[in-house]
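The values are calculated or read from the model by the stated rules, or taken from the named source; none is laboratory data. Predicted, not measured: the structure shown is a model, and the values here were computed from it. Counting neighbours? That spans all protein chains shown, and the Cβs are built from the backbone with ideal geometry, glycine included.
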Amino acid sequence: MRFADCPSVRCDVRVEAAVPRVWELVTDIRLPARLSPELQRVAWLDGADRPLLGACFEGYNRHQQIGEWRTVSHVVELEEQQVFAWTVTDADGRFGEPTLDPARSMASWRYELEVEGGGTRLRQSALIGPGRSGVTLALERWPDREEEIIALRLKELRAGIEATLRGIKTLAEEDA
């Protein structure tokens, strides 16, 4: 796969808990920092305290190969108890020119929930790009290794998503 192909990863899990409980967990933006190997901490910006369309939050990330950086995410889709999606921007210019433009996002993330029997089918996905990120820096440095770089990043994202989904499942089912 190449960067121009809009590389993405998607994972899902069945959670033995009702959609409202799972929704409560996926819309707690601080929860993935407890479960993810890369995301370290998250906080709402501009007085927001919950997901609202257009709301922003900052995230602090760490990766062993590229160090630490801050992002600003924008809630771009919100359908109560169904979809929570956001784009991630490079507000500080860690990977290129600073931007808060969601159309130039480093990545896009999405949760989808649907009723399945007495529980919930929870899906999480991530799309790399179209904006600059650690991936684009690596591609500029090693253009002949594009497919390998993309495959490695998708593998890392899949591992993070799977860890997050397992954590959400565990928490939701403990309370169910």
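Given the structure, is residue 70 on the phi < 0 side of the Ramachandran plot, basic (Lys, Arg) and over 12 Å from the mean Cα position of the chain (by Cα)?
Yes; evaluated as a whole, the condition is true for this residue.
Which of the residues belonging to segment 131-155 are surrounded by 17 or more Cβ atoms within 10 Å (Cβ to Cβ) and among the basic types (Lys, Arg)?
Listed by number, the residues that qualify are 132, 153.
Which pairs have Cβ atoms under 8 Å, sit 6 or more apart or on different chains, and link a residue in segment 46-71 that is in contact (Cβ under 8 Å) with a residue 12 or more places away in the chain and surrounded by 10 or more Cβ atoms within 10 Å (Cβ to Cβ) to one that is of a type in the set (Gly, Ala, Ser) and in a loop (DSSP other than H, G, I, E, B)?
Filtered contacts from segment 46-71: 55/48; 56/48; 57/48; 58/91; 70/91; 71/91.
For the condition at positive phi and out of contact with any strand residue (DSSP E or B) (no Cβ under 6 Å at 6 or more places or on another chain), what is the one hit in 134, 129?
129
When segment 1-23 is examined, which residues are found to be more than 16 Å from the chain's Cα centre (by Cα) and under 23 Å from residue 61 (Cα atoms)?
Within segment 1-23, 3 is the sole residue that qualifies.
In this structure, is residue 158 assigned to a helix (DSSP H, G or I), basic (Lys, Arg), surrounded by fewer than 19 Cβ atoms within 10 Å (Cβ to Cβ) and in contact with a strand residue (DSSP E or B) (Cβ under 7 Å, 6 or more places away or on another chain)?
Yes.
Restricted to segment 24-54, and to residues that are of a type in the set (D, E, K, R) and outside any helix (DSSP H, G or I), which residue is farthest from the chain's Cα centre (by Cα)?
Per the criteria, the residue is 46.
Can you report the number of residues in segment 120-130 which are surrounded by 20 or more Cβ atoms within 10 Å (Cβ to Cβ) and within 18 Å of residue 168 (Cβ to Cβ)?
Residues meeting the conditions: 4.
Being charged (D, E, K, R) and either modelled with pLDDT under 95 or part of a strand (DSSP E or B) (or both) is the filter; apply it to segment 72-90 and report the residue that is surrounded by the fewest Cβ atoms within 10 Å (Cβ to Cβ).
Ranking the qualifying residues of segment 72-90, first place goes to 79.
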